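Remarks on the structure that follows.
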Protein chains: 2
Amino acid sequence: MEAAEKANVAAPLIKRLDLSRGDKFDTMLQGVLDVASLPDPLGNITFANRLDDGLELYRVTCPIGVLLVIFESRPEVIANITALAIKSGNAVILKGGKESFHSFAAISGLIREALEGTEIPPGAVQLIESRQEVSELLKQDKYIDLVVPRGSNELVRSIKSNTKIPVLGHADGLCSVYVHRDADVDMAARIVVDSKTNYVAACNAAESLLLQRSALQSHLPTIAKALIDAGVSLKVTPEISESLKQAGVEGTASATIASAEEKDFETEFLSLTIAVAAVEGVEEAIKHINSHSSKHTDSIVTASKEIADKFLNGVDSSGVFWNASTRFSDGFRYGFGTEVGISTSKIHARGPVGLEGLTCYQYQLRGTGQVVADYVGAGGKKEFKHENIDI
Amino acid sequence: MEAAEKANVAAPLIKRLDLSRGDKFDTMLQGVLDVASLPDPLGNITFANRLDDGLELYRVTCPIGVLLVIFESRPEVIANITALAIKSGNAVILKGGKESFHSFAAISGLIREALEGTEIPPGAVQLIESRQEVSELLKQDKYIDLVVPRGSNELVRSIKSNTKIPVLGHADGLCSVYVHRDADVDMAARIVVDSKTNYVAACNAAESLLLQRSALQSHLPTIAKALIDAGVSLKVTPEISESLKQAGVEGTASATIASAEEKDFETEFLSLTIAVAAVEGVEEAIKHINSHSSKHTDSIVTASKEIADKFLNGVDSSGVFWNASTRFSDGFRYGFGTEVGISTSKIHARGPVGLEGLTCYQYQLRGTGQVVADYVGAGGKKEFKHENIDI
């Protein structure tokens, strides 16, 4: 603490660095126990087929291999990530924010000590210190199987551009809420306000609000007032501006109403600001979101299951929500114990990534001397049986 | 055909280009019907959890999005890949080898015609012609979600180096067979010969043979003779060479025995050549394979389930086989109908990639107005229930 104060570290960061604050330390320990108590993600058979008598194919879950996880200056994160890595059977190279380095070093020392009493080689968890080492490691696509960057958009983008190793994570969190005309007005206002204001710096916070055009009179005033009351500035299209004027809704000194530019619908404000536009209906909302959002999490508020299903099946994001805040997009809330990050990639793991996203599978074929030359397609006459094996 | 002959296309390639040869055309059509009859890979719920009353989380399988598939000059492949792409709900951009271009254009014309009678937009399947277009498309990581290159190692490597889009496939197919001392000698010989010779140009053909040191006297002579009889040249370590001499095994004019260099154990010969070495036992075999193979497919021949399990769980390849030829590593043989390629990546899909590898999932959260501010961890007191929902 004193060292941090001497080094002119900002007060909020010092708060974040202080593991003894409140129940942070106990929560960290509980997180490790939670991960330990999750079902074993390894060695599970997810597909089994008898190709022929005495020739059985099993798809078995296994670790990915070596992970490189780059994360922010939050001392408790090293314990969570290490727990996930060990439980999923992966080796992990950890690089945390430099402000937490001494905490990381102390915790990782304890982790190594604890590992010495187990079958896991202590080298399976390694802490590195410098940025230089990171750029060297990003070249090791032969030895490192997955990079998980957590942190600023710039950090993630720069890592994606500088490595051939697959990257799991997200740069932007551009989430939207769409309000359909049959939505309960108060529910819509609560969901929009929660999505925007519960934690503005989070990747699952909403940055855009879309309203059905025919709901502008009925829904916009209440929702806009609720946002302004919560201190949120609105960036609005001319149509929304007109509608607010007609309803007599005005901004305040701190929660202003201003004109939106096109780029505001592709901006992660990370602050009490939201871009607002009208769309004709759910189809246009889907189109708008698919072309503007970052495929993270988008929510619809509607009383109609049919409209909701159209939205959930049409929006190409890792999380698609009906009548719920975008902020639910989170490993802890999803019940995964904890998460290593949230992925907006379209392959491997999407959304909050827990244990399962840190595993892959391999095909184990158990035969009794079979060769393909005996089978059709490779010179022989034997047909494959391809019978499901009950798992 | 005449055009091909005029253009000095090599005879084996002309054979491959000729769709009317044998039952190739009918097999192509059957392949499409096989894919059509596979279970729908979309909209399947693979995880369901009640986060709280009236707040249900579902993980639902969905298409990846837009695929770019680059493949060799085999006219039937366009039909297989298109069938897989349509069945998995993906849009696909196809680029086939230039020698098949006229066949591809004709088949893709028919595909578009067929699509016009369906709800699928005909633009969902697009054929492109030039290499220039490919390099432009490889830059479109915002719009293309997955690249599947099939073809030479150089092609795959060059694509991996030139795109930020995730690449699914394999450059090298460096497969090995390890023979343990308790293996049935004849079974071992048949598996080694089939793995090496059934189709030497295939990625799942064996390139290395490892024998347990204590099995050199008992197993090596029979296996080596079987390989030589099948026309295979051996590249051997001094120890193997000595052992062959003692047993009186000699090469022939076309199937020679020569000294192996270290690099021979990392070479995909794609010809009737195999590198041969001795290892102390299964642990050393695992180490050798994990450090030399391309993580494609590796096989052990042993009578012991315990030794086999050690091998299957220790070798870090997409396919790990016991008492079966490496050549079984194939989508058709695995019962997937057909395959879009074989992946040696450690994330997303591994091994032969069929329909399932062309899908991902999204989390659908169905609520009744919930906001996170009411729950623990985000300002509220409500606890999550996290109860499994029976699927």
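The values are calculated or read from the model by the stated rules, or taken from the named source; none is laboratory data. Quick caveat: nothing in here was measured; it's all calculated off a predicted structure. So basically every Cβ, Gly included, is an ideal-geometry build from the backbone, and we count neighbours across all protein chains shown. Surface accessibility is based on the protein's heavy atoms, side chains included, excluding ligands, DNA and RNA. Shrake-Rupley method; radii C 1.70, N 1.55, O 1.52, S 1.80 Å.
Things to note:
- If you plug the beta carbon distance of A:Lys15 and A:Glu283 into 1/(1 + (r/R0)^6) with R0 = 35 Å, you get a FRET efficiency near 0.15.
- Interface of B with A. Using a 1.4 Å probe and counting protein heavy atoms only, the two chains hide about 5900 Å² of accessible surface, both sides summed.
- Look at the dipole of region A:94-179 built from charges on Cβ: of A:Ile159, A:Val148, A:Val134, the Cα furthest out on the positive end belongs to A:Ile159.
- For A:Gly96, the residues 5 or more places off, or on other chains, whose built amide H falls under 5 Å of its own are A:Phe71, A:Ile128.
- Over all distinct Cα-Cα pairs of chain A, the Kirkwood formula returns a hydrodynamic radius of 23.7 Å.
- 18 Å Cα-Cα reach of A:Lys164 towards aspartates and glutamates, excluding residues that sit fewer than 8 places from it in its own chain: A:Glu133, A:Glu136, A:Asp141, A:Asp145, A:Glu154, B:Asp141, B:Asp145, B:Glu154, B:Asp172
- Each other copy holds its own label point for B:Asp26; taking that point as 7 Å from Cα along Cα to Cβ, the gaps run 7.5 nm, nearest first.
- Dividing the convex hull volume of the alpha carbon atoms of region A:175-329 by its residue count gives 87 Å³ per residue.
- For B:Asp52, the residues whose modelled amide H falls within less than 5 Å of its own, excluding neighbours fewer than 5 places apart on the same chain, are B:Lys385, B:His386.
- GluC sites (Glu not before Pro) restricted to DSSP loop in region B:288-391 with at most 16 other C-beta within 10 Å: B:Glu383
- Among chain B residues, the one whose Cβ is nearest the axis of the rotation from B to A, given with its distance rounded to whole Å, is B:His348, 2.
- Loop GluC sites (Glu not before Pro), region A:98-146 (other Cβ atoms within 10 Å of the site Cβ: 15 or fewer; DSSP): A:Glu119, A:Glu129
- Equivalent-ellipsoid semi-axes of region A:259-328, from the Cα gyration tensor, Å, largest first: 20, 14, 11
- Alpha-carbon centroid distance for the pair region A:244-262 / region B:349-391, whole angstrom: 35 Å
- The 1.4 Å probe gives accessible areas that order B:Thr338, B:Thr252, largest first, as B:Thr252, B:Thr338.
- Dipole axis of region A:43-168 (+1 Lys, Arg; -1 Asp, Glu on Cβ), positive-most option in A:Thr61, A:Gly96, A:Ala85: A:Gly96
- Most positive-pole-ward Cα, A:Val276, A:Val185, A:Gln217, against dipole of region A:175-329 from beta carbon charges: A:Val185
- Helical segments meeting 30 Å axial Cα length and Kyte-Doolittle 0.0 threshold in chain B (DSSP H): none
- Residue order by solvent-accessible surface for A:Ser88, B:Ser304 is B:Ser304, A:Ser88, largest first, with ligands and nucleic acids left out and a 1.4 Å probe.
- The shape of the protein assembly as shown can be summarised by an equivalent ellipsoid whose semi-axes, obtained from the alpha carbon gyration tensor, come to 51, 33, 22 Å from longest to shortest.
- Beyond 15 Å, the tail of the calculated P(r) for region B:132-172 holds 32 percent of the Cα pairs.
- Loop sites in region A:60-153: trypsin sites (Lys or Arg not before Pro), DSSP, at most 13 other Cβ within 10 Å: A:Lys139, A:Lys142
- Dipole size of the protein assembly as shown about its Cα centre, with +1 on Lys/Arg Cβ and -1 on Asp/Glu Cβ: approximately 760 debye, rounded to the nearest 20.
- In this Cβ point-charge picture (+1 for Lys and Arg, -1 for Asp and Glu), region B:175-329 has a dipole of about 240 debye about its Cα centre.
- Region A:171-195-region A:97-125 distance, computed between alpha-carbon centres (Å): 42 Å
- Take the Cβ atoms of A:Ser218 and B:Glu133, set R0 to 56 Å, and the FRET efficiency comes out at 0.70.
- Neighbour net charge for A:Ala260 - beta-carbon separation under 12 angstrom, K R +1, D E -1: -4
- Here region A:252-382 is assigned +1 on the Cβ of each Lys and Arg and -1 on the Cβ of each Asp and Glu. Its dipole about the Cα centre then comes out at about 820 debye.
- Here the accessible area is traced with a 1.4 Å probe on the protein chains. For chain A, carbon and sulfur cover 52 percent of it.
- Around the amide H of B:Val301, modelled in the peptide plane, lie the amide H atoms of B:Tyr178, B:Val179, B:His180, B:Asn323, all under 5 Å away and 5 or more residues distant in sequence or on another chain.
- Computed FRET value (nearest 0.05) for A:Ala105 with A:Asn44, which takes r as the C-beta separation and R₀ as 35 Å: 0.50
- Label point 7 Å beyond Cα along the C-beta direction, distances from A:Glu129 to other copies (nm, shortest first): 6.1
- Across chain B, the mean sequence separation of Cα contacts (distance under 8 Å, 6 or more residues apart), normalised by length, yields a relative contact order of 20 percent.
- Heavy-atom accessible area for B:Leu216, with the other protein chains in place and a 1.4 Å probe, reaches approximately 10 Å².
- Label-point separation in nm, B:Lys142 to A:Lys24, each point 7 Å along Cα→Cβ: 3.9 nm
- Across A:Val66, A:Val276, the residue with the most accessible area heads the list, and the full order at a 1.4 Å probe is A:Val66, A:Val276.
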